[in-house]
Every structure is written in structure tokens, then in C-alpha cells.
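Read the structure below first, then the notes.
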């Protein structure tokens, strides 16, 4: 609800006297519980993967100060980047390596897929030259920590792949048309459906679903002050919000209508452009998700009227 001083007193009085707009009583739907457990476990794995990657990046910073800044590779955790971090004990070994040999080494590790391996080698040697030199014993420990964390990342990715396969199998007997939306696969569809359950509890109202997911910016007013920079609501189902926002991110890359909407909202904001545009795109997507789940109709590309 929008927050204003008069409404605060009214809400408190109505809650105390009549119990108006109290939260809906918990109703366990056993049909969606197995799928919900899987999608929430996947959410846990993804958050853990992000945490471990962030920690690993901090250890890489100790080994090679400018490694993330100079970006000799587009993916810090790609195969070639991991080979560099694991096979060279210190950055001095890279700095001392002949340039032509380093180019060939990178080209082999990259399976000849680098468009300009010389550029990658040049940036890598620049990183090696500017790297802060650690004491030998500390450098050895940092290398061990990086190696163990890279193994942890590989394990987490494997667990996510196996969980995705299990979710896909669980989705097969569930009738739905969300996967007809470009960019939405069985995993994102499962995350949305598992958290929504029966739409009848929302009266098939997309505004109630969006509020339940926390896709809103509450109005904040007190006295004569009207807040201009309001944070996203922290209430609501964080798992549903996660899957709707992730789905919006992929849909806007595949559906022209959502791509145009994202770009428009991105350029309207002065700060937090990407986050704000993604949440608004997820809010728009929520309306379409509720309609498809209600009517069970497939996605149809909106036709642009011809001149």
C-alpha cells in the first residue's frame, strides 16, 4: 500500500477493528511442493556460485592486481583464464616468457578460438608486469586457495546442470505455455509456476501477483516530504521475484517488444538504470505470465501495424 500519514492511522484502526486485508491463510499445495523445493534449491546454488566467484576474484586480485581490470580474457572463469591461474605459480613466470611462446600457449589453451591471441598475450604480460609481488610462502597459499575455489565453482556448475535436468523432467507433466515465450525455458517457467501455485488465490489479478513478488516501489511520504528516490519493496516472495527478473533479462534479449520496453525504461532513469529497467520489464512480464497461465494460450508475437 502507498504510505501516507492519513493512511497509516486508517490502516492501524481497520486492522485492529475488522482485520481488514490480513494476509491470506497458508494453504499447502502438495502438487507444487516437489517442484518448489527443486527451484529453491537451484536458487540457493546460484547464490552460492555468485558468492564463491566473488571470493575467488578477491584472491585473484592478490595474485595479479590488474587481472580483473585489464581483462586479458572476457571471462575470468573461462577455461583459458583458469589455466593461466593454475599453471603459473607467479606472474613473474608470465612476464619472463617470450612473447611468441605466450601467444602460442594461449592459442593452444583457447583451442584456436581467440580472434587475436596476440592482444590477449599483450594484456596478460602487462598484468604480469604490474602485479604486486607476494612473499613466496603467501603466494603458494593464495595459489592453493584459488585452485580449491575453482574446483568449488566447477562442482557448483555441475550441481546446477543436474538440478536443471531434474526440474525439466518434473515440468513435463505440468500443462503450461510459459515456455512459448522467447527466452523462457523449463527452469524459469518452473520457478514462476512453483511459487505462484494456484492463481485463484490471487483472484487471477496480475497486480496482486506483482505485489506478492515485491515488484513495486512503495510510496514514501511523511508530512510535507515526498521521497524521490525510493528503494524496491523488500516484502514479497524473493524466489518469485528472482525468477521473474531472471526471465525478464532473457526475454528482453529475444522478444523485440520487451527489448524496446527495457531500452525505454533504461533511458528514463538517471541512476540504477539497469536494475530499474529489469524490474519494470519483469513487472510487464508478470501481466503476460498471469494471462498465459489463466488462458493456457501460447505466446504470439505482437504484429506491428504496416503503413
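Quick note: the coordinates plus some simple rules give every number you see, no bench work behind them. Values in this document were obtained by computation on a predicted structure and should not be read as measured data. Glycine also receives a Cβ, built like all others from the backbone with ideal geometry; neighbour counts cover every protein chain displayed.
Work out how much length residue 17 to residue 76 would gain on full extension: take 0.36 nm times their residue separation and subtract the Cα-Cα distance, in nm to one decimal. Intermediate results must be reported in sequence, preceding the final value.
Values: separation 59, 0.36 × 59 = 21.24 nm, distance 5.84 nm.
Extra length available between residue 17 and residue 76 comes to 15.4 nm.
Separation between the residue 133 and residue 108 pseudo-spin-labels, each 7 Å from Cα along Cα→Cβ, expressed in nm?
Label at residue 133, label at residue 108, 2.8 nm between them.
Just to verify a number: FRET efficiency for residue 166 and residue 48, C-beta to C-beta distance, R0 = 25 Å, to 0.05? Show your work: numbers first, answer last.
Details: r = 17 Å, r/R0 = 0.70.
Calculated transfer efficiency: 0.90.
Over the chain, what is the mean sequence separation of C-alpha contacts under 8 Å (at least six apart), divided by residue count, expressed as relative contact order in percent?
21 percent
Taking the chain as a Gaussian network, where each spring joins two C-alpha atoms under 10 Å apart, which residue of 161, 15, 51 fluctuates the most?
Among 161, 15, 51, the largest GNM mean-square fluctuation belongs to 15.
Based on Cα coordinates alone, diagonalise the gyration tensor for segment 47-166, multiply each eigenvalue by 5, take square roots, and list the semi-axes in whole Å, largest first.
Equivalent-ellipsoid dimensions as semi-axes: 25, 19, 11 Å.
Residues in segment 116-152 near a label at residue 65, defined as backbone nitrogen under 15 Å from the 7 Å Cα→Cβ point?
Zone members listed by number: 126-135.
Run through every distinct alpha carbon pair of the chain and return the Kirkwood hydrodynamic radius in angstroms, one decimal place. Write down the numbers at each step before the final one.
Numbers: mean 1/r = 0.0429 Å⁻¹.
Evaluated on the chain, it is 23.3 Å.
Once label points are set 7 Å from the Cα along Cα→Cβ at both residue 294 and residue 122, what is their separation, rounded to one decimal in nm?
In this crude label model, residue 294 to residue 122 measures out at 5.8 nm.
Taking springs between alpha-carbon atoms closer than 10 angstrom, which of 185, 78, 214 fluctuates most in the Gaussian network model of the chain?
Between 185, 78, 214, it is 78 that shows the largest mean-square fluctuation.
Determine the equivalent ellipsoid of segment 238-307 by diagonalising the alpha-carbon gyration tensor, then write out the semi-axes as square roots of 5 times the eigenvalues, largest first, rounded to whole Å.
Value: 21, 18, 8 Å, ordered largest first.
Distances over 21 Å make up what percent of all Cα-Cα pairs in segment 175-295?
Percentage above 21 Å: 39.
Measuring from label point to label point, each 7 Å out along Cα→Cβ, what is the residue 147 to residue 207 span in nm?
Those two pseudo-labels are separated by 6.1 nm.
Rounded to the nearest Å, what's the spacing between the alpha carbon centres of segment 150-184 and segment 44-90? Just the number, please.
Spelled out, the Cα-based centre of one part sits 25 Å from the other.
Helix-only estimate, please: 222 nm mean residue ellipticity of the chain, summing -39500 (n - 2.57) across DSSP H runs of length 4 or more and dividing by its residues, to the nearest 500.
Result for the chain, helices only: -21000 deg cm²/dmol.
Sort 32-40, 271-279 by packing, meaning the average of other beta carbons within 10 Å per residue, with the highest value first.
With the highest mean Cβ count within 10 Å placed first, the list reads 32-40, 271-279.
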